[in-house]
Amino acid sequence: MDAREFLRHYKYDERLVTGKYYKDEPVKVAAGDTVGVVLMNLGGPNTLEEIEPFLYNLFMDPAIIDMPFGGILRHWLSKYISTTRSKRVGKDYAKIGGGSPINKLTKEQAGQLEADLNRRFGKPANIIYKVYIAMRYWHPTSEETAEKMHKDGVNKVVLLPLYPHYSKTTTGSSLVFWRMLEDMGEIHNWPTAYVFEYATHPKYIQAISERIDETLARFPADQLKDIQLLFSAHGVPLHEMKQRRDPYCCLIHCTVEEVMKMREYDYAFHVAFQSKVGRAEWLTPSTPDKLKELAGGGHTSVLIIPIAFVTDHVETLYELDMLIRGQAETYGIEKYEVMAGLNTHKLFIEALAEVTVAQVAMVSEGGHQQTPGPLQASLPSKSSERNTRCHQCEFITDAACWEASPVTVSTLSNV
């Protein structure tokens, strides 16, 4: 399904914000099953020539960019934007090697996740886990991935977005696209579960904290006490939070709070948003504005933490590490370091495995069901109890709490 066909059939409804294209329950599996785990990511151009069609696909997506019109007008506007923008963006990609590393890094994540899933959870239960990649705006596409899954004999599916913080513009876009392919008969329709968010999974939080420690080691000892931690997340239009109740901003701040709580609030910290496109009002403050404010307050050492990105790509390697670095220097920031993405950090891979199996219910021959993973997501605590929040907070939600899986099992009549 190309971008124009998706646009013709797309219709906004609240599931794009709630994620409820599938039931909020684990997929039931038994010994001998093959579970396909689909890593959902945005993708990126491998070469300079691929930038324009990649951008076209992105700007054609109504789930990520609202336009007051559709059809042929959106097509031609997206063609114009992608053509003109690709010339400028091409220079950015040229500075990081001529293409995005996101495809290579996501493939590495998939390989390590598959190995961890089978070692810890698959072999003991006689289940095969196979991990695939579905890129929203590039290859491998969802259709290409689903075809391979069918050939491989997959009979159960867990959709796993590489976005720890749910937003309609990321996870929502991937879910509605996958579901539309199913509904239109373009891909096989498997028993399916999905991961909504994992913003405070303990191993994800610990992986971020360890990456922070690695980055702190780059600072001279005499500067350590004055470092400001700046968590930089991808921005979204403000109306997504204010009008549609998108939980993204709340989930970002949940992650930041848990990271700092784990670190016992060892440094001053801040949250900002980057990558604004268009004239609409976005979440604030912007990362450059926050850096300017910090410099104005006499702070000259900043550690940037790309909080919403788990895979390095152009927005971390170029935007944060080159473009915004240059801006920070003009503001008076003397020591500016950017944390590496989590990529294949061991704890992050383990976190992905655990949020996956939390969506799997093992069913024995006697019909008993239990979740094989060590942790299970429970309902979030009250949002009013959280201290870290944006200045425009709508108190929409908190992240799910990850607790030890219950020992008790329930009896089911069938798989």
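Can you work out the PRE-style zone for residue 243? Point 7 Å along Cα to Cβ, and I want the residues of segment 264-282 with backbone N under 20 Å.
Zone members listed by number: 276-282.
Mind checking the dipole of segment 202-338: about its Cα centre, +1 per Lys or Arg Cβ, -1 per Asp or Glu Cβ, Debye to the nearest 20? Write down the numbers at each step before the final one.
On the way: 15 positive and 21 negative charges, 88 e Å.
Using Cβ point charges on Lys, Arg, Asp and Glu, segment 202-338 gives about 420 debye.
How do 246, 183, 226 rank when sorted from fewest to most other Cβ atoms within 10 Å of their own Cβ?
Details: 246 25, 183 12, 226 15.
Ascending number of Cβ neighbours within 10 Å: 183, 226, 246.
Quick one: which of 296-308, 15-27 comes out on top by average Cβ neighbours within 10 Å, and what's the full order, highest first?
296-308, 15-27
Calculated from DSSP H runs of 4 or more alone, at -39500 (n - 2.57) each and per residue, what is the 222 nm mean residue ellipticity of the chain, nearest 500? If you can, show how the numbers build up before the last one.
On the way: 13 runs with 147 residues, N = 415.
The helix-only estimate for the chain comes to -11000 deg cm²/dmol at 222 nm.
Identify which of 250, 393, 401 has the largest mean-square fluctuation in a Gaussian network model of the chain, with springs joining Cα atoms closer than 10 Å.
393
For the chain, give the share of DSSP beta bridges that are antiparallel, in percent and rounded to the nearest 5; count only bridges with both residues there. Before the final figure, lay out each step's value.
On the way: 9 of 46 bridges.
Roughly 20 percent of the DSSP beta bridges within the chain come out antiparallel.
Using Cα pairs closer than 8 Å and at least 6 residues apart in sequence, work out the relative contact order for the chain, in percent.
On the way: 744 pairs, mean separation 86.5, N = 415.
Normalised by residue count, the contact order of the chain is 21 percent.
I need the chymotrypsin sites (Phe, Trp or Tyr not before Pro) found in segment 60-129, filtered to DSSP loop residues with at most 11 other beta carbons within 10 Å of theirs.
On the way: sites: 69, 76, 80, 93, 121, 129; in loops: 69.
Those satisfying the criteria are 69.
For the chain, give the magnitude of the charge dipole about the Cα centre (Cβ charges: +1 Lys/Arg, -1 Asp/Glu; no others), in debye to the nearest 20. Walk me through the numbers on the way to the answer.
Numbers: 45 positive and 52 negative charges, 112 e Å.
Computed about the Cα centre, the dipole is about 540 debye.
Using the beta-carbon distance between residue 344 and residue 223 and R0 = 35 Å, what value does 1/(1 + (r/R0)^6) give for FRET efficiency, to the nearest 0.05? Kindly include the intermediate steps, with their values, before the conclusion.
Details: r = 29 Å, r/R0 = 0.84.
Once the sixth-power term is evaluated, E becomes 0.75.
Each reported figure results from applying straightforward, stated rules to the coordinates on display, with no laboratory input. This one's a predicted model, so the numbers in the text were calculated from it and none came from an experiment. Here Cβ is always computed from backbone atoms with ideal geometry, including for glycine, and neighbour counts include all displayed protein chains.
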